[in-house]
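To start, the structure itself, in structure tokens.
The values are calculated or read from the model by the stated rules, or taken from the named source; none is laboratory data. In this text the structure is predicted, and so the values were computed from the model without any measurement. Ideal geometry is used to build each Cβ from the backbone, glycine not excepted, and the neighbour counts take in all protein chains shown. Side chains included, ligands, DNA and RNA excluded: accessible areas come from the protein's heavy atoms. Shrake-Rupley method; radii C 1.70, N 1.55, O 1.52, S 1.80 Å.
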Amino acid sequence: MDHSTHTTHLSSVAAMAWSGFALAAVVPGLMWLVRRSPLWERVSPPPGVAVPLLVLLHAWAMLGGLVGLEPPAGPFVTEPVLLAGAVLFWVPVVARTRHRLSAPGRCLYLFLAAPLLDLPALGVIAAGHSAEGIAMIVGMLPLSITAAVLTWTWVDREERLAAAADGWALPVPGGDPRV
């Protein structure tokens, strides 16, 4: 994914959108498929390390070319490093490790990370490349959608547990309407 804004306009917009989508949807989707792998326990960083690491890597990948910090090989270096950071970021959410977050922890983790990961895109917009920055923000929307779905699932589960503890049951969608 070429994060530089020196290529043709359409290709840099598509590259930014794809890079954001890969970080926010492709990486966690692939990790979910292999979430029970023992590998995750070995590479599991604490959540307090994973978020700042990904934010810094994301800023370097997006803004490095604008401030002269991009390596000579450009996206051939930054993109794999960014994807590795994304894997480390998603481990506490997806995999069952010693650093696995609770349901409310996952919600808070993702809701706090989403705006932090949009900051480099705002820097790209401020540098005069608004289409590329907006494409990155839109490409990363699955992260916020995941946070909302996890929150809804958690709240619904808690509500059902509280109802069961009180001795009454909430209707199950598609279930018996008399309950």
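Structure summary
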{"quantity": "Some residue of region 132-139 being over 12 Å from the mean Cα position of the chain (by Cα), without any contact (Cβ under 8 Å) to a residue 24 or more places away in the chain and not in a helix (DSSP H, G or I)", "calculated": "no"}
{"quantity": "Contacts under 8 angstrom Cβ, first residue in region 31-49 being farther than 9 Å from Val91 by Cα and aliphatic (A, V, I, L, M), partner modelled with pLDDT under 90 and open to solvent by less than 50 Å² (accessible area, probe 1.4 Å), 6 or more apart", "calculated": "none"}
{"quantity": "Selection from region 72-84 of residues that are over 17 Å from the mean Cα position of the chain (by Cα) and open to solvent by 30 Å² or more (accessible area, probe 1.4 Å)", "calculated": "Pro72, Ala73, Phe76, Val77"}
{"quantity": "Filter pass, Ala15 being at pLDDT 90 or above and open to solvent by less than 30 Å² (accessible area, probe 1.4 Å)", "calculated": "no"}
{"quantity": "Per-region count, region 90-108, residues crowded, with 19+ Cβ neighbours inside 10 Å and farther than 21 Å from Leu30 by Cα", "calculated": "0"}
{"quantity": "Sole exception among (1) open to solvent by 40 Å² or more (accessible area, probe 1.4 Å); (2) more than 20 Å from Ser44 (Cα to Cα); (3) among the hydrophobic types (A, V, I, L, M, F, W, C) for Leu112, by number", "calculated": "(2)"}
{"quantity": "Selection status of Val87, modelled with pLDDT of 95 or more, open to solvent by 20 Å² or more (accessible area, probe 1.4 Å) and either under 18 Å from Ala17 (Cβ atoms) or not charged (D, E, K, R) (or both)", "calculated": "yes"}
{"quantity": "Some residue of region 81-102 being charged (D, E, K, R) and assigned to a helix (DSSP H, G or I)", "calculated": "no"}
{"quantity": "Close pairs from region 91-108: first within 12 Å of Trp32 (Cα to Cα), partner hydrophobic (A, V, I, L, M, F, W, C) and outside any helix (DSSP H, G or I), Cβ under 7 Å, at least 6 apart", "calculated": "Pro92/Leu101; Val93/Leu101"}
{"quantity": "Pick from region 25-40, criterion open to solvent by less than 70 Å² (accessible area, probe 1.4 Å) and not in a loop (DSSP other than H, G, I, E, B), ranking: nearest to Thr97 (Cα to Cα)", "calculated": "Trp40"}
{"quantity": "Lone unmet requirement of (1) within 16 Å of the chain's Cα centre (by Cα); (2) surrounded by fewer than 17 Cβ atoms within 10 Å (Cβ to Cβ) for Leu57", "calculated": "(2)"}
